[in-house]
1. Pick from the stretch A:10-52 the residues that are within 11 Å of chain B (Cβ to nearest Cβ), assigned to a helix (DSSP H, G or I) and of a type in the set (D, E): which of them is least open to solvent (accessible area, probe 1.4 Å)?
2. Mind checking whether some residue in the stretch A:185-201 is in contact with a helix residue (DSSP H, G or I) (Cβ under 6 Å, 6 or more places away or on another chain), assigned to a loop (DSSP other than H, G, I, E, B), open to solvent by 20 Å² or more (accessible area, probe 1.4 Å) and not aliphatic (A, V, I, L, M)?
3. Only one of B:L56, B:L49 is within 10 Å of another protein chain (Cβ to nearest Cβ) and either of a type in the set (A, V, I, L, M, F, W, C) or not in a helix (DSSP H, G or I) (or both). Can you tell me which?
4. Any chance the stretch A:133-140 includes a residue that's away from chain B (no Cβ under 14 Å), over 23 Å from B:P28 (Cβ atoms) and assigned to a strand (DSSP E or B)?
5. Quick check, is B:F107 in a loop (DSSP other than H, G, I, E, B) and touching a residue at least 24 places away in the same chain (Cβ under 8 Å)?
6. Cβ-Cβ distance below 8 Å, separation of 6 or more or different chains: which pairs start in the stretch B:126-141 with a residue that is closer than 14 Å to B:L56 by Cβ and without any contact (Cβ under 8 Å) to a residue 12 or more places away in the chain and end on one that is of a type in the set (K, R) and open to solvent by 30 Å² or more (accessible area, probe 1.4 Å)?
7. For B:P28, are the conditions met, namely being open to solvent by less than 20 Å² (accessible area, probe 1.4 Å) and either over 21 Å from A:S5 (Cα atoms) or at pLDDT 90 or above (or both)?
8. Residues of the stretch A:171-184 being buried (at least 17 other Cβ atoms within 10 Å of the Cβ) and either acidic (D, E) or modelled with pLDDT under 85 (or both), which ones?
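The values are calculated or read from the model by the stated rules, or taken from the named source; none is laboratory data. Predicted model only: the values in this text are computed from it and were never measured. So basically every Cβ, Gly included, is an ideal-geometry build from the backbone, and we count neighbours across all protein chains shown. Just the protein is used for accessible areas: all its heavy atoms, side chains included, with ligands, DNA and RNA removed. Shrake-Rupley method; radii C 1.70, N 1.55, O 1.52, S 1.80 Å.
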Amino acid sequence: MSHPSDLKLERHLLDPGRSPIAGHVAECERCRARLAQMEEQGETFRRFVYPATLENVTRRRWTPMRALWLLAPAAGLAAVLLIARPGPTSDYTGTKGGALTMTAYAALPAGARTLADGDSVPASTSLRFRVRTEQPCSLVLISVDAAGQVSRLYTQEVRGDTALPGGVHLDGKGGPERFFAVCTAAGYDAVERAARRIGGDLRQNHTLPGVQGPQASLLIEKTP
Amino acid sequence: MDRGHIAELYRSWGPAIYRRCLRLLRDPEAAQDATQEVFRKALSSPEKLADPHTALPFIYRVATNHCLNERRNAGRRGETALMDLDVASDHPAFPQRRLVQRVLSRFDAKTQSIAVGVLVDGMEHEEVADALGISRKTVSRKLARFLENARKYLERSAA
């Protein structure tokens, strides 16, 4: 049995009602499974890729933003690294010497700027992140906003000084947003559950309770 | 084109670009980066993105070319994690289950696109021709050459 290609399935997704392969899809479990996977990937794009990359794709090509980002690491060296947890706390179980630091850079009209905890930035600013860890780390980087909305930004293996790929585009809404970076073997779901527990109380909560492993966090005040 | 219109086009066609890049690069981070690049390239022909009939094959073509190029570059950097692609269906002249990058890299960009279209995506020759904007005869000729040379290369490698 031959199956429609991905290109035909893409056409089907655009207009299932008039799709010439609708009959096949209705009878074919494999194609329905592939379509479900494609829809899930599309949802991933809309929820995470689109907001993180919109600024890049809509920026005029001549805008020297790339150059600004190239300057960002140098600016970071001169600035204070954000170390949200200078020492182990009661829920810290990471390896000694394996602390995590996180630095955030904002792309502002005046140039790339390293952010300190509590800094204010325009609510539609693009951010990039750099993390540093001495031990190999299963990094989860999420954000929580004033409404308690949790956004998954990065889940990846890192070691040493790592500039995280792409960027994060703030949602345009005013109010506080805290970014949490965690090195944990517990996985994303455990981190997300902990983030939901703190709700919108972001200015006081510097760490995610109950999540084992080094953490760092950064509070940003988004100005509309 | 204003930012709002670009954002709207990106929201419409980004999912298809992302899926194509994910399929070829097999890595969400690489696919995210590639999606931006592909869309920016596609924006150079806004009239094609504006027409739903032409947009899909157009972005398929741009995304395929870009991602195959990324794969070649990754191979040059020694990054092998992205490399091999699953063959979609049994092909009498290509019994392997995987299309390995070291075979793919031996051919020109157009031949790679054709081989991936037929062997990985499972497309008919006519569909590949339409998607890549070339004749069906070119598809058949280049695919036959690919299959013959790939077979010889794999036999030599096995010997």
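1. If we take residues in the stretch A:10-52 being within 11 Å of chain B (Cβ to nearest Cβ), assigned to a helix (DSSP H, G or I) and of a type in the set (D, E), then A:E10 is least open to solvent (accessible area, probe 1.4 Å).
2. Taking the stretch A:185-201 first, the residues in contact with a helix residue (DSSP H, G or I) (Cβ under 6 Å, 6 or more places away or on another chain) are none.
No, the stretch A:185-201 contains no residue that is in contact with a helix residue (DSSP H, G or I) (Cβ under 6 Å, 6 or more places away or on another chain), assigned to a loop (DSSP other than H, G, I, E, B), open to solvent by 20 Å² or more (accessible area, probe 1.4 Å) and not aliphatic (A, V, I, L, M).
3. B:L56
4. yes
5. Numbers: in a loop (DSSP other than H, G, I, E, B): yes; touching a residue at least 24 places away in the same chain (Cβ under 8 Å): yes.
Against the criterion (in a loop (DSSP other than H, G, I, E, B) and touching a residue at least 24 places away in the same chain (Cβ under 8 Å)), B:F107 qualifies.
6. Final answer for the pair search is B:E127/A:K8.
7. On the way: open to solvent by less than 20 Å² (accessible area, probe 1.4 Å): no; either over 21 Å from A:S5 (Cα atoms) or at pLDDT 90 or above (or both): yes.
No; evaluated as a whole, the condition is false for this residue.
8. Once the filter is applied, which keeps residues that are buried (at least 17 other Cβ atoms within 10 Å of the Cβ) and either acidic (D, E) or modelled with pLDDT under 85 (or both), the stretch A:171-184 yields only A:E177.
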